[in-house]
Amino acid sequence: MIDELGIAMKAREFIGRCGPLALPVSVDAYASQIGGEVLKEALEENEDAWSFRDSAGKYRICVNCAHNARRQRFSVCHEVAHVVLEIASDHATPSWSYSRRPPGEIACDVFAAELLLPHKLFKPRVDSADMALAAIGSLADEFDASLISTGSRFATFSGELCAFVVSEGGKIRYSARSARLREAKGWIRPGSPLPTGSYSSRVRAGEKPSGAEDAEPDSWFEDWARDGALFEDALHLGQWDQTLTLLWFDDDQIVAPAPERKQWDEDSYRLRELDGVLPWPSGKKRR
């Protein structure tokens, strides 16, 4: 299986062949680039899309008309990814769930996120954005992409020490971390429960989000050995029992390098962005 960087580079090459980009990007243009056409049809409730090549050699990408437009956009890009990456579909697991997601589907999710949030357009906006879930919500609206896709790429491209964490059923399923946080060995173990008493766990339990709060680094990061102020912003999506968390450190208070420790095989746990429209509460969150 091609690695994550290789997938991103293939997606950027594909975008380059599609011509100038405008926001939000045209998924119909992506479909056209592979000789495809997007059709909206009534599919099974948990079925996002499927595609096939007709007798004339044209790809037909059928998306679920019952899903909202943002989810349909991701589904189109995901199907384009299957064609470009030459990966057979395996849709046995629902797309909204992180549990047991097939590697090929994860690869296509990565490719789709790159198409919806092109690095060339997205990275400058991340650099100028506030560190808050509200800022991620604004970017998701601008790019017409899901919060999970947007939040994951926000953390990945951020120049700060930050992480975007997706939990499902009260357990951490995936975290996207900035390069600086990875260098600082800020490791969040997949499969572990949300920290007891954390802002995220309280929001999942029904507390209304009210803005970022101070957080305990030791409760989120394994073997964390630096001093510094950590902030936490959270949102719970009850329909999927998913909790989204944004964590970031105050640069001015990060001191002392982390000691060397055993390297975890993070690739075996790595999960990527999922599709689907996710609700967003109103109200501005503080940095």
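Number of residues in segment 53-72 that are surrounded by 11 or more Cβ atoms within 10 Å (Cβ to Cβ) and either in a strand (DSSP E or B) or of a type outside the set (G, A, S) (or both) equals 13. For segment 181-215, the tally of residues that are touching a Cys at 6+ places or on another chain (Cβ under 8 Å) and of a type in the set (K, R) stands at 0. Can you tell me which residues in segment 24-52 are of a type outside the set (F, W, Y) and assigned to a strand (DSSP E or B)? Result: G36, E37, V38, L39, K40, E41, A49, S51.
Can you name the residue in segment 118-139 that is among the aliphatic types (A, V, I, L, M) and either touching an Asp or Glu at 6+ places or on another chain (Cβ under 9 Å) or over 12 Å from L23 (Cβ atoms) (or both) and, of all such residues, is surrounded by the most Cβ atoms within 10 Å (Cβ to Cβ)? Taking the candidates together, the pick is I136. The single condition from (1) touching a helix residue (DSSP H, G or I) at 6+ places or on another chain (Cβ under 7 Å); (2) of a type in the set (S, T, Y); (3) modelled with pLDDT of 95 or more that S138 fails is (1). The criterion of at least 1 residues that are within 23 Å of S149 (Cα to Cα) and of a type in the set (K, R) is met by the following strands (runs of 3 or more DSSP E) wholly inside segment 162-224: 171-177. If you go through segment 75-107 and keep only what is closer than 20 Å to K58 by Cα and either part of a helix (DSSP H, G or I) or at pLDDT 90 or above (or both), you end up with S75, V76, C77, H78, E79, V80, A81, H82, V83, V84, L85, E86. Determine, yes or no, whether D144 is closer than 29 Å to V63 by Cβ, in contact with a Lys or Arg (Cβ under 8 Å, 6 or more places away or on another chain) and assigned by TED's automatic domain parsing to the domain that holds A215. Judged against the criteria, D144 is a match.
The values are calculated or read from the model by the stated rules, or taken from the named source; none is laboratory data. This one's a predicted model, so the numbers in the text were calculated from it and none came from an experiment. So basically every Cβ, Gly included, is an ideal-geometry build from the backbone, and we count neighbours across all protein chains shown.
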